[in-house]
1. Take the alpha carbon atoms of the stretch A:156-182, find their center, do the same for the stretch B:193-221, and report the distance between the two centers in whole angstrom.
2. For B:Glu237, list long-range residues whose amide hydrogen, built 1.01 Å from N in the peptide plane, is under 5 Å from its own amide hydrogen.
3. Give the dimensionless ratio obtained when the Cα radius of gyration of chain A is divided by 2.2 N^0.38 Å.
4. Within the stretch B:110-211, report the trypsin sites (Lys or Arg not before Pro) that DSSP leaves as loop and that have at most 11 other Cβ atoms within 10 Å.
5. Hey, what do the phi angles of the stretch A:5-10 turn into as Karplus ³J(HN,Hα) couplings, whole Hz, using 6.51/-1.76/1.60 and θ = phi - 60°, x for Gly and Pro?
6. Straight-line reach from A:Lys173: which lysines have a Cα under 16 Å away, not including same-chain ones fewer than 8 places off?
7. Just checking the output field for A:256-265: average partner chain Cβ neighbours within 10 Å of each residue's Cβ?
8. Just for chain A, what percent of DSSP beta bridges are antiparallel, to the closest 5?
Amino acid sequence: MSILLDKNSRIVVQGLTGSAGSFHAKQCMDYGSQVVAGVTPGKGGTTHLGVPVFDTVADSVRQAGADVSLVFVPPPFAGDSILEAFDAGIRVVIAITEGIPVLDMARVKQDLSRRRAAGQDLRLVGPNCPGVITPGQCKAGIMPGYIHKPGPVGIVSRSGTLTYEAVWQLTSKGIGQSTVVGIGGDPVNGTNFIDCLELFEADAQTKAVVMIGEIGGSAEEEAAEFYKRRMSKPVFSFIAGKTAPPGRRMGHAGAIVEGGSGKHSDKVAALERVGIKVVENLSEIGQTVASSPIGALAAA
Amino acid sequence: MKLLEHEGKEIFRRYGIPVPPTGGVIAKPAQLTAALKRAGKGPWVIKAQVLAGGRGKAGGVKIAKTPKEAAEIVKKMLGMRLITPQTGEKGIKVDTVLVDKASDITREIYISVVLDRKLGCPVVIASAEGGVEIEELAKHKPHAILREAVDPSSGLKAFQARRLAFALRIPAEKLGDFTKLATGIVNVFLGLDASLVEVNPLIITPKNEVIALDAKVITDDNALFRQKDTAAREDHEATPLEKEAKKVGISYIGLDGTIGCMVNGAGLAMATMDSVNLAGGSPANFLDVGGGANVEQVTRAFQIILKDKKVKAVLVNIFGGIMRCDVIAEGVLGALKKVKMGVPLVVRLEGTNVKEGKMLLERSGVKMTVADSLWDAAKKAVAAAGRN
């Protein structure tokens, strides 16, 4: 088991023929993911990297059986591409694109909520994220595949390279991962911490979760509430941005302390209050998991 | 990007939102007489144009009853450093002041449009208790705050605006004016791709006029490609170094410390700053060199970091994902040929081809400390900065 992706996932890459789309689609294929199609409007009927290119996502669903979409479309058009994937009946839409206007995402979120309320089986991951990987089965994203290893720890994170750092520390200690989800650094995104915690809680393979947050918003505080009410599996956490000045956007559009909310200290306090172990020093996250009962289990 | 009050008010005028008669913005005392004339009969209000809340209490907003008083205020205010709870000890220099006609106030109301991250849409926030810090109000009197979620596709509905008006006890004959104003600020938010539009206070005058006395607008940088007017504005917040970095696609924010940081990825860049702090040092900057991390970007990043004279050591922390560490090492070495490093350099590489990368650095003969982990690197950088 795993969450969101497994070896049967059939990926369509939106923006396959662009430079980022091509490069990363190839990396996903080399990892063993089933990339079954690409979509570039106007290039339908051609072949790229050995897979058929379609004009629309709907065509890729009908003709190639795609059920997961990976979006590399540039920011001005990315919101529309995500909506197209929803409309085509894609089950998991993973948006890698960085720099999508927040209002475009608000409109995407509105459509997503309506469809889910109507019963459509649909999830959006991202945007501005490294993607999702279920080690040994499927990589749909821009993360380096080889640093991962199959195992019992689920990881969910707002940041890309910070996730690689945590994954690498775990893998180096012999602790593998069930699924690693980058939910992205934007203020309005699809899947959030709570969604992932819920999926990890229900997933038989996952025995513990590492949650990597950062300043800005209140997603970590909401996750703490959820953990208290609904989770039995241990969660370990790191929150980046203790030294970030208030009122400034730290690279990610969502990483900002504004109007007194989104503070590092508030997040750490909320997590610790419900019994989540928060690691102050990022370099100790691997060791902290390894020296917990989960570590012994994972290494066995 | 944060806009100054007078820029916000210009936009308000374009959207039909009533603002006080104005004499405009001046940067020199000599421009005052003309500004007073444009604003009309006194009294006037002189307002420091800086990007910081709490201006009033700090002496950045003054009423002048006579032209002589106005001249004294302007002379004092221009060039002063305004210290508010938001600026820190050093304060912020006042380069320009806005000269508005003063308004008679019967009531002050708070109204804003913000992005609600939890709901994933804009929300109008309003309170009958205006002129106060909304965060404080939210903490102590949460029931005094009204909220209306905005449909990002169609804007504020008329009934929502009316609902706010009744809850705010807007005089019945001014219902239309208020709903027009509330709809107007939502339209500013949607039309400009804003992340905040705040009017604090919105006032009701003795003649029952509804006027926006202040304007705070923050726009979404991601939308600059379709917001040509905003893109053409000067960024009043960014320092010269931050502007330079932005031009070449590097995310850089200057800080007060001594250890320059160059990192790939925003989250890891923050975590690197935190590690430096934990190791007993202080970061000189946030810098995300971007996913590519090629020779060009790394060179630019070094140049920007080293222009900050406070920097006593540089810490490079790169997690090579798709980008191989040997390529990054070549980038660092290539950059060092073009940049004169006057301070110690600590490099930590991890990820793909890390052995090859480290070997390249060690064999190059270039003076630097190679670290094995982020924590090791942070400690070494702090030690090096202390010695230097």
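Every number in this text was worked out from the coordinates using simple rules, so none of it is lab data. This one's a predicted model, so the numbers in the text were calculated from it and none came from an experiment. With ideal geometry, Cβ positions are generated from the backbone for all residues, glycine too; neighbour counts draw on all protein chains shown.
1. The distance from the Cα centre of the stretch A:156-182 to that of the stretch B:193-221 comes to 45 Å.
2. Amide H neighbours of B:Glu237: B:Lys2.
3. 0.96
4. On the way: sites: B:Arg117, B:Lys118, B:Lys139, B:Arg147, B:Lys157, B:Arg162, B:Arg163, B:Arg169, B:Lys174, B:Lys180, B:Lys207; in loops: B:Arg117, B:Lys118, B:Lys157, B:Arg169, B:Lys207.
Of the trypsin sites (Lys or Arg not before Pro), the ones in loops of the stretch B:110-211 whose Cβ has at most 11 other Cβ atoms within 10 Å are B:Arg169, B:Lys207.
5. Result, ordered by residue: 10, 8, 5, 8, 5, 10 Hz.
6. The qualifying lysines are A:Lys149.
7. That works out to 3 on average.
8. 20
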